[in-house]
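Shown next, in structure tokens, is the structure this report addresses.
The values are calculated or read from the model by the stated rules, or taken from the named source; none is laboratory data. Please read all numbers here as calculations on a predicted model, not as lab measurements. Heads up, the Cβs are rebuilt from the backbone with ideal geometry, glycines too, and the neighbour counts pull from every protein chain shown. Side chains are part of the model used for accessible areas, which takes the heavy atoms of the whole protein and leaves out ligands, DNA and RNA. Shrake-Rupley method; radii C 1.70, N 1.55, O 1.52, S 1.80 Å.
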Amino acid sequence: KVDQEALDALKCDDSKGPACVIQVRSPASGARAEARLNASRTVADLRRWIVANGMVGQGQGFVLMGGFPPKPLSDDNQTLQAAGLDGSAISLKIT
């Protein structure tokens, strides 16, 4: 279920700096979505966006996998820019 209020709260605001576009893939369901967030947002914000977008259920565990070879994005406090996620594709691993 999509949580539009949460998505609106995370929406990219161009007045707050550059945007970061990330393709999110869920191999379990085959779902794909494009997240457009401010680059100053954190990995934790991206996790909230994924839940709000309905790609995983509320309270369902998942790991974000990025890079090549894919490795877990474990630092939720890291900004999307510092994590090098702009223009990248990440996948979800349901736990």
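Quick notes on this one:
- Rounded to the nearest 10 square angstrom, K71 shows an accessible area of 130 square angstrom against a 1.4 Å probe.
- Most fluctuating residue given options Q23, Q60, Q78, as computed from a GNM of the chain linking Cα atoms under 10 Å: Q60
- Ligands, DNA and RNA left out, the 1.4 Å accessible surface of the chain is 49% carbon and sulfur atoms.
- Dipole moment magnitude, nearest 20 debye, the range 10-95 about Cα centre, only Lys, Arg, Asp, Glu C-beta charged: 200
- Charge dipole (the range 39-95, unit charges on Cβ, about Cα centre) - positive-most of W49, L73, F62: F62
- Seen through its C-alpha gyration tensor, with square-root eigenvalues sorted a ≥ b ≥ c, the chain comes out oblate because a/c lies at 1.5 or above while a/b is not bigger than b/c.
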